[in-house]
Amino acid sequence: MQIFLPEKIGFCFGVKRALKLTLNEIKRNGKVYILGDLIHNPQVTENLRRRGIKSIEDLSQIREGTLIIRSHGEDPSVIKEARKRKLRVLDTTCPYVLRVQKIVRSLSQKSYQVIIVGTATHPEVKGVIANVTKGRVYVVKNSQEAEKLPFLKKVGIVAQTTENVENFNHIVKNLTKKTRECRIFNTICRIIRERQEETKKLAREVEAVIVVGGHNSSNTHQLVKLCQSLEVKTCFVEKEEELNMKEWKGIKRVGITGGTSTPKEVIEKIKNKLLTTIY
Ligand code: SF4
């Protein structure tokens, strides 16, 4: 069996930065809390938990210590409330996500209706929505949902940073026909776009692709969908234990890729398992 990896695997700079800030904070301050997960990867979440970070659902659960704002960002009112409660706030929101929040704030102040291409329930999108100060905000994840939108006079379109480029372009093309004035901001993260391109290339060169990452990771899901759309055998796993080795016998060329929150070591373990178990 030959195994192929894309040029870039492992954490993106936004994830590396969030982890570094958080680990430093754990060292300097024992009481560190987080709303939700720092990033969407179970191995990283478990590792942080073992180092002492506590996950909370509501600010009322804590009275002191540091509140970490996850890399996906947060509702600004939550950050304001945490400061009011005299908590130390460490904001690890990725700069790319902050940029989307800023664009959306400015659009809504200029009376544009905001359309976000992405998933409404994702923490990043919830944080972006919270930055709309005036008017309505719509979230659409595909062309069918975009079709259902009413005619809108003045629209600003942004994307969730992990959105699929083709899906975004397709939706934008349809939406421009339904508006009088439309401002488009392709806010898909540059690193996500590169990962999608590299995954496409990889998928075309192999018989099967293993996509590694958290089952709750949006960008990993996008890579899975991308491979499936290219009709290559696609397997989505979080860890090597999920690999059913019987499935891989007889396959000569396998590609392994991962999301931007997938640790390199997890990919390496999967590669080694394939190489040492299959012969
Ligand atoms: S994938 Fe892009 S937007 Fe998301 S954390 Fe990494 S650098 Fe930031």
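The values are calculated or read from the model by the stated rules, or taken from the named source; none is laboratory data. What you see is a predicted model; the values in this text were computed from it and never measured. Using ideal geometry, Cβ is built from the backbone for each residue, glycine included, and neighbour counts are taken over all protein chains shown.
Structure notes:
- In the range 5-54, the residues that are assigned to a helix (DSSP H, G or I), acidic (D, E) and either over 20 Å from V237 (Cβ atoms) or outside the structural domain of L67 (by TED's automatic domain parsing) (or both): E25
- Residues located in the range 99-123, provided they are in contact with a helix residue (DSSP H, G or I) (Cβ under 6 Å, 6 or more places away or on another chain), without any contact (Cβ under 8 Å) to a residue 60 or more places away in the chain and in a helix (DSSP H, G or I): Q101, V104
- Of the residues making up the range 224-241, those that are under 22 Å from the mean Cα position of the chain (by Cα), closer than 21 Å to T45 by Cα and without any contact (Cβ under 8 Å) to a residue 40 or more places away in the chain are F236, V237, E240.
- Scanning the range 128-146 for residues that are in contact with a strand residue (DSSP E or B) (Cβ under 8 Å, 6 or more places away or on another chain) and closer than 23 Å to C94 by Cβ yields V128, I129, V132, V137, V139, V140, K141.
- Evaluating Y112 against the criteria (1) aromatic (F, W, Y); (2) in contact with a Gly (Cβ under 7 Å, 6 or more places away or on another chain); (3) within 16 Å of the ligand (Cβ to nearest atom) leaves one unmet condition, (3).
- Within the range 130-160, the set of residues being under 24 Å from K80 (Cα atoms) and part of a loop (DSSP other than H, G, I, E, B) comprises A130, N131, V132, T133, K134, G135, R136, Q160.
- Among (1) over 17 Å from R195 (Cβ atoms); (2) hydroxyl-bearing (S, T, Y); (3) touching a Leu at 6+ places or on another chain (Cβ under 7 Å), the one test that T257 misses: (1)
- Test: residue in the range 208-230 that is over 26 Å from C12 (Cα atoms) and more than 16 Å from the ligand (Cβ to nearest atom): no
- Among the conditions (1) modelled with pLDDT of 95 or more; (2) away from the ligand (no atom under 16 Å from the Cβ); (3) surrounded by fewer than 20 Cβ atoms within 10 Å (Cβ to Cβ), V266 misses just one, which is (3).
- Verdict on T234 being within 13 Å of the ligand (Cβ to nearest atom) and outside the structural domain of N169 (by TED's automatic domain parsing): no
- Of all residues in the range 219-246, exactly one satisfies the criterion of being in contact with a Cys (Cβ under 9 Å, 6 or more places away or on another chain), surrounded by fewer than 16 Cβ atoms within 10 Å (Cβ to Cβ) and part of a helix (DSSP H, G or I), namely E242.
- One residue stands out in the range 158-200 among those that are among the aliphatic types (A, V, I, L, M) and within 16 Å of the ligand (Cβ to nearest atom): the one that is farthest from L230 (Cα to Cα), namely V158.
- From the options I191, I270, residue that is of a type outside the set (G, A, S) and more than 13 Å from the chain's Cα centre (by Cα): I270
- Annotation: R193 fulfils all but one of (1) within 23 Å of T161 (Cα to Cα); (2) charged (D, E, K, R); (3) in contact with a strand residue (DSSP E or B) (Cβ under 9 Å, 6 or more places away or on another chain); the unmet one is (3).
- Restricting the first member to the range 80-96 and to residues that are within 13 Å of the ligand (Cβ to nearest atom), and the second to residues that are of a type in the set (S, T, N, Q), the beta-carbon pairs closer than 9 Å and six or more apart or on different chains are T92/T22; T92/S71; T93/S71; T93/Q101; C94/S71; C94/T161; Y96/T161; Y96/T187.
- Verdict on T66 being among the hydroxyl-bearing types (S, T, Y), farther than 28 Å from N186 by Cα and touching a helix residue (DSSP H, G or I) at 6+ places or on another chain (Cβ under 7 Å): yes
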